[in-house]
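Notes to accompany the following structure.
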Amino acid sequence: MAGRTTSPGQTVTSRVLSLLAVFESSPSARTLSEICAESGLPQSTVHRLLGELEEWGAVQRDARGRYQIGLRLWELGQHAGRQLRDVVRPYLQDLFGLTQETAHFAIRDGADVLYIDRVYGSRRVPQASRVGGRLPMHATAVGRAILAFEDGWVRDAVLGAALVQRTPFTKADPEQLRKELDKVRGQGFAVASEEVRLGSCSLAVPVFQADGRIFGGLGIVLPTSRAHQLERNLPILLGTAERIQAGIAHLPKAALQPAARARKPQQT
């Protein structure tokens, strides 16, 4: 991987991408030495490239001199998936307004769910998802709501890989998950409790494209202390999912085919 090597065969572009990838897993500010260690690039190269990125606005430094993603890169990123977010956002706001619970919409990207948008209030609920963030499909309600209706080969690929156990309650046994997905297909919704973050549980339903193929998952999150109230929100979730399905039916195909997850650039 280019992000883990000092190979002279790397292009300038691959080196820059390696630096930006350091910030992908966490929004925390990083020191120069941390960026060097995580990118695998020499300090002189990192210092020079960070200087150019800072001048352009892609990164910025805090009061302690640590680097973080800059506002210009954030502005640029807002254009990604904008058509889809513009369609989904009003329905998420309605869902939140009706339930007063954190609402989110996600799509599949590889073996993860990618969170497209989220609406929440001041009520404190342990959160694991964030807009633009990813979580493993098998451990989330939205992930299961999607995976249950994917083609068989997709389910086999996801369940055949190493399944991360995020908490002591994460279901990570492939056979147990297959039965869980069969149940989701039969009842039309998925539930997960404390499988990604302790203290929270979620309910999700699938969202389909006009041709009947699965597209995404719509979910709400509650504290586990109110887990018994989850399913009373199911009619509202199902109704909102139908509205989103009608809305995305008018989007161009390109807006429904997000790019595959970016990987660290390969060594050349």
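In the set GLY152, GLY160, GLY219, GLY133, only one residue is open to solvent by less than 20 Å² (accessible area, probe 1.4 Å) and at pLDDT 90 or above; that residue is GLY219. The residue that is surrounded by the fewest Cβ atoms within 10 Å (Cβ to Cβ), among those in segment 172-197 that are within 23 Å of ILE244 (Cα to Cα) and touching a strand residue (DSSP E or B) at 6+ places or on another chain (Cβ under 7 Å), is GLY188.
So if I check each of ALA192, ALA162, ALA145, ALA172, which one is aliphatic (A, V, I, L, M) and assigned to a strand (DSSP E or B)? Can you show your working first?
Working: ALA162 fails: assigned to a strand (DSSP E or B); ALA145 fails: assigned to a strand (DSSP E or B); ALA172 fails: assigned to a strand (DSSP E or B).
Criteria check complete, one pass: ALA192.
Of everything listed in (1) out of contact with any strand residue (DSSP E or B) (no Cβ under 7 Å at 6 or more places or on another chain); (2) under 27 Å from LEU84 (Cα atoms); (3) touching a residue at least 60 places away in the same chain (Cβ under 8 Å), the single unmet condition for ILE146 is (1). Residue count for segment 101-112 under the criterion of being at pLDDT below 90 and either in a loop (DSSP other than H, G, I, E, B) or closer than 21 Å to ALA227 by Cβ (or both): the result is 2. Scanning for something open to solvent by 50 Å² or more (accessible area, probe 1.4 Å), at pLDDT 90 or above and of a type outside the set (D, E, K, R), does segment 198-206 turn up at least one residue? Within segment 198-206, one or more residues are open to solvent by 50 Å² or more (accessible area, probe 1.4 Å), at pLDDT 90 or above and of a type outside the set (D, E, K, R). Looking only at residues in segment 37-71 that are of a type in the set (D, E, K, R), farther than 21 Å from GLY133 by Cβ and in a helix (DSSP H, G or I), the one that is modelled with the highest pLDDT is ARG48. The residues of segment 201-246 that are in a loop (DSSP other than H, G, I, E, B) and among the small types (Gly, Ala, Ser), listed by number, are ALA210, GLY212. Before we move on, is LEU198 farther than 25 Å from ASP94 by Cα, in contact (Cβ under 8 Å) with a residue 60 or more places away in the chain and in a loop (DSSP other than H, G, I, E, B)? So LEU198 passes the test. Quick check on segment 1-36: of everything there that is farther than 26 Å from ASP62 by Cβ, part of a helix (DSSP H, G or I) and open to solvent by less than 20 Å² (accessible area, probe 1.4 Å), which residue is modelled with the highest pLDDT? So, considering only residues that are farther than 26 Å from ASP62 by Cβ, part of a helix (DSSP H, G or I) and open to solvent by less than 20 Å² (accessible area, probe 1.4 Å), the one modelled with the highest pLDDT is SER14.
The values are calculated or read from the model by the stated rules, or taken from the named source; none is laboratory data. Since we're looking at a predicted model, the values are computed, not measured. Backbone-built Cβ (ideal geometry, glycine too); neighbour counts: all protein chains shown. We work out accessible area using only protein heavy atoms, side chains counted, and drop any ligands, DNA or RNA first. Shrake-Rupley method; radii C 1.70, N 1.55, O 1.52, S 1.80 Å.
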